[in-house]
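**Q** Handing you a structure now.
The values are calculated or read from the model by the stated rules, or taken from the named source; none is laboratory data. Note that this is a predicted model, so its numbers are computed, not measured. No Cβ is skipped: glycine too gets one built from the backbone with ideal geometry, and neighbour counts run over all protein chains shown.
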Amino acid sequence: MSISLNGAVACVTGGGRGIGEATVRALVDQGARVVIGDIDLKAAQAVASSLNGVRAVKLDVADADSFEKFLNVAREMGPVDLLVNNAGIMRTGAFVDLDLASLHREMAINTGGVINGMRLVLPEMQQRGYGHIVNVSSMAGKMTCSGAAVYTASKFAVASLSRAVRAEIAGSGVSITTLMPSAVDTDLTAGMNIRGIPKAMPSEIAEEVIASCLHGEPEVTMPKWLFPIGTIEQALPERLGNWIKRMAGAQERIAPDNEQTRKYQERVSRS
């Protein structure tokens, strides 16, 4: 299943910065009419004002009513052809040290937002027999990451949810692609020691979003050679896998305490 982006109505969550912003710009270059949703309305408006025909809406993806209003703005331009569920946050640190409410909020945004978006837009796409959804997960959806336990759980959930819904809508003319990038150069990874970890730029993720509209493949890992990593982790005895991660300093690398990481954590605490 493929969709044409020229003239398409596209919705991008978390479009005010990072992967979302890059995706918005790539879609506009393809001739799409884009609506940006972001909890940071000023950031979304800054992106929209730099492009022609792009609208910005304040969006809390964890709130179904807020998501419906966001989609309704897009529907004023026509049927929604593409939804990019990109919005997400990552709380880092030891699981037992993090505030419980903040962990539930992380799940509500990262997983609940994808549930809301798909559930609200799929019926109309199925009725038309046309449409595409991109769910931005992570390689954390294939392997566990100590120091970001709930983020890992949320991305596993997005990957599993996407697979299950794809099975339900098979043959409907609607496609769902799950993107699973490794580290991406955004605020989310700022201050982390990700030396030796494959790293992508937001523009590269945006290119994969565009490509998925043509090929409709179910899962895309970035880089592609990381695809079997989840199978490898599951095949290893858990104690061995954890020992390897400890030797690599995985938790300390994911959850360092420095000015950049504190700045990001302070921002997401307001999300």
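**Q** With 124, 68 as the choices, which residue is surrounded by fewer than 17 Cβ atoms within 10 Å (Cβ to Cβ), at pLDDT 95 or above and closer than 19 Å to residue 216 by Cα?
**A** On the way: 68 fails: closer than 19 Å to residue 216 by Cα.
None of the other options fit; the residue is 124.
**Q** Checking the structure you have, find out if any residue of region 55-73 is in a helix (DSSP H, G or I), under 23 Å from residue 123 (Cα atoms) and among the β-branched types (Val, Ile, Thr).
**A** Restricting attention to region 55-73, the residues satisfying the condition of being in a helix (DSSP H, G or I) are 64-73.
Applying the additional criterion that residues be under 23 Å from residue 123 (Cα atoms) yields 64-73.
Checking the rest, the ones that are also among the β-branched types (Val, Ile, Thr) come to 73.
Taking every residue of region 55-73 in turn, at least one turns out to be in a helix (DSSP H, G or I), under 23 Å from residue 123 (Cα atoms) and among the β-branched types (Val, Ile, Thr).
**Q** Does residue 88 satisfy the condition of being touching a residue at least 60 places away in the same chain (Cβ under 8 Å), under 13 Å from the mean Cα position of the chain (by Cα) and not in a helix (DSSP H, G or I)?
**A** Values: touching a residue at least 60 places away in the same chain (Cβ under 8 Å): yes; under 13 Å from the mean Cα position of the chain (by Cα): yes; not in a helix (DSSP H, G or I): yes.
Considered against the rule, which asks whether it is touching a residue at least 60 places away in the same chain (Cβ under 8 Å), under 13 Å from the mean Cα position of the chain (by Cα) and not in a helix (DSSP H, G or I), residue 88 comes out as yes.
**Q** Looking only at region 120-150, count how many residues are of a type outside the set (Val, Ile, Thr), part of a helix (DSSP H, G or I) and either touching a Cys at 6+ places or on another chain (Cβ under 7 Å) or under 20 Å from residue 209 (Cα atoms) (or both). First the steps, then the outcome.
**A** Keep residues of region 120-150 that are of a type outside the set (Val, Ile, Thr), which gives 120, 122-132, 135, 137-143, 145-149.
Filter once more, so that each one left must be part of a helix (DSSP H, G or I): 120, 122-128, 139-141, 149.
Then drop every residue that is not either touching a Cys at 6+ places or on another chain (Cβ under 7 Å) or under 20 Å from residue 209 (Cα atoms) (or both), which leaves 122, 125, 139-141.
The total comes to 5.
**Q** In region 1-49, how many are in contact with a Gly (Cβ under 6 Å, 6 or more places away or on another chain), surrounded by fewer than 24 Cβ atoms within 10 Å (Cβ to Cβ) and among the acidic types (Asp, Glu)?
**A** Result for region 1-49: 1.
**Q** Among the residues of region 23-39, count how many are more than 16 Å from the chain's Cα centre (by Cα), under 21 Å from residue 68 (Cβ atoms) and not aliphatic (A, V, I, L, M).
**A** Residues meeting the conditions: 1.
**Q** Another question, then. Does residue 45 fit the bill of being modelled with pLDDT of 95 or more and either closer than 21 Å to residue 24 by Cα or among the charged types (D, E, K, R) (or both)? Talk me through it step by step, then tell me what you get.
**A** Values: modelled with pLDDT of 95 or more: yes; either closer than 21 Å to residue 24 by Cα or among the charged types (D, E, K, R) (or both): yes.
Taking the combined requirement at face value, the residue satisfies it.
**Q** Could you tell me which of the residues 175, 162 is at pLDDT 95 or above and either closer than 16 Å to residue 22 by Cα or in a helix (DSSP H, G or I) (or both)? Please lay out each step first, then the result.
**A** Working: 175 fails: either closer than 16 Å to residue 22 by Cα or in a helix (DSSP H, G or I) (or both).
Unique residue meeting the criteria: 162.
**Q** Oh, and also: Whether any residue in region 7-22 is polar (S, T, N, Q), in contact with a Phe, Trp or Tyr (Cβ under 9 Å, 6 or more places away or on another chain) and touching a residue at least 40 places away in the same chain (Cβ under 8 Å) is what I want to check. Full working, then the answer.
**A** At the first step, the residues of region 7-22 found to be polar (S, T, N, Q) are 13.
Next cut, in contact with a Phe, Trp or Tyr (Cβ under 9 Å, 6 or more places away or on another chain) only: 13.
Remaining after also requiring touching a residue at least 40 places away in the same chain (Cβ under 8 Å): 13.
Yes, region 7-22 contains a residue that is polar (S, T, N, Q), in contact with a Phe, Trp or Tyr (Cβ under 9 Å, 6 or more places away or on another chain) and touching a residue at least 40 places away in the same chain (Cβ under 8 Å).
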